[in-house]
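Below is one structure, written out as structure tokens, with a few remarks after it.
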Amino acid sequence: MEFAYMNKIKNILSAVFLLALPLTFSACDDEVEYTPAEKQTNAQVFFSNSNPAKINLDATSTSFEVSIARVKTDDAITVPLTLTGGDGLYTAPPSVSFAQGEATAKIAITYDVAAIEPNVYSDITLSISDASLTTPYGMATYTISVGIPETWTVRYIGDYTYTLFFSGVDPGLTLSQSDLYADRWRISNWGGGVDLYFTWNQETNEILVDDQLIGYNHSSYGPVSIDDLVDYTDGTKYGKSYYEDGVFHFYVVYYVDAGNFGNGEELFTISGPVKN
């Protein structure tokens, strides 16, 4: 019985070995076909990876640069370019030129500071218009987010008196002036923790408060906003915001979609200048 049992095991192992042989030999006969990459003979122009994905534009400038590169530098060439996006606020040259032996070149994209709203960023896309000059190993298009950040300088410290939606006095708030627009001002950490924005014409001392959310969400009516009464009512019969003798007189209204919570005067009294 033991001999028969051992023969049975031997036969099973032999059968397993024979079944494995075709698989082994089949694997050895398979060959991986290698197809070499097509050799690039053109200039192989592409947008450099050194270009950033976002640029904060300088409000004191009118342009910024974009780098373009190529692999084959034997000849001097001119490469056509196309710019899209940006609502017409940005302009790029129609082409970029490479001198003989030159691997990189730069173009200047121009913009008009006065036409660009601060803190509003736009996507613009530069493209190499002639596909025969590009390479599959580099970017033929380049998209960048551009805009002008609004920066501020603190000028004064003061106390805000609430009389309409909020109540009481909020002391020691900072009043800052925009570095871009001399008539743009903001009171930081006002109301529900947001900033209150307004324009102040320092020649006429007229003020206009921005229409904006106040940082408070009413349990029944939703988000609450503030607006200057002149803007909200399309008139001045309820009073016009103004500055006089160190006090900002804000004639405003607090409102929701369903209506308003009343209107009237609130004050911001300057307690001192900020020394820079």
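What follows is calculated from the coordinates using simple rules that are stated; it is not laboratory data. Remember, it's a predicted structure, so these values are computed and weren't measured experimentally. Cβ atoms come from the backbone with ideal geometry, glycine included; neighbour counts cover every protein chain shown.
Just a few scattered comments:
- Here the Karplus relation 6.51 cos²θ - 1.76 cosθ + 1.60, evaluated at θ = phi - 60°, turns the backbone of the stretch 41-46 into coupling constants of 10, 8, 6, 6, 7, 7 Hz, with x for every Gly and Pro.
- Estimated translational diffusion coefficient (Stokes-Einstein, Kirkwood radius over Cα pairs, 37 °C, 0.692 mPa s) of the stretch 152-273: 226 µm² per second.
- Summary of packing: across the peptides 119-125, 265-271, 66-72, 248-254, the per-residue average of other C-beta atoms within 10 Å ranks them, highest first, as 248-254, 66-72, 265-271, 119-125.
- Here the simple spin-label model places points 7 Å from the Cα toward Cβ, and for N49 and A182 these points are separated by 4.8 nm.
- In the stretch 123-177, the inverse of the mean reciprocal separation of distinct Cα atoms equals 16.5 Å; this is its Kirkwood hydrodynamic radius.
- The alpha-carbon of K72 sits under 20 angstrom from the alpha-carbons of these aspartates and glutamates, leaving out residues fewer than 8 places away in its chain: E38, E102, D130.
- Neighbours of T110 by Cβ distance under 13 Å: Lys/Arg scored +1, Asp/Glu scored -1, total -3.
- Just so you know, the Cα atoms of the stretch 45-147 work out to an Rg and Dmax of 14.0, 44 Å.
- Loop GluC sites (Glu not before Pro), the stretch 37-123 (other Cβ atoms within 10 Å of the site Cβ: 15 or fewer; DSSP): E38, E102
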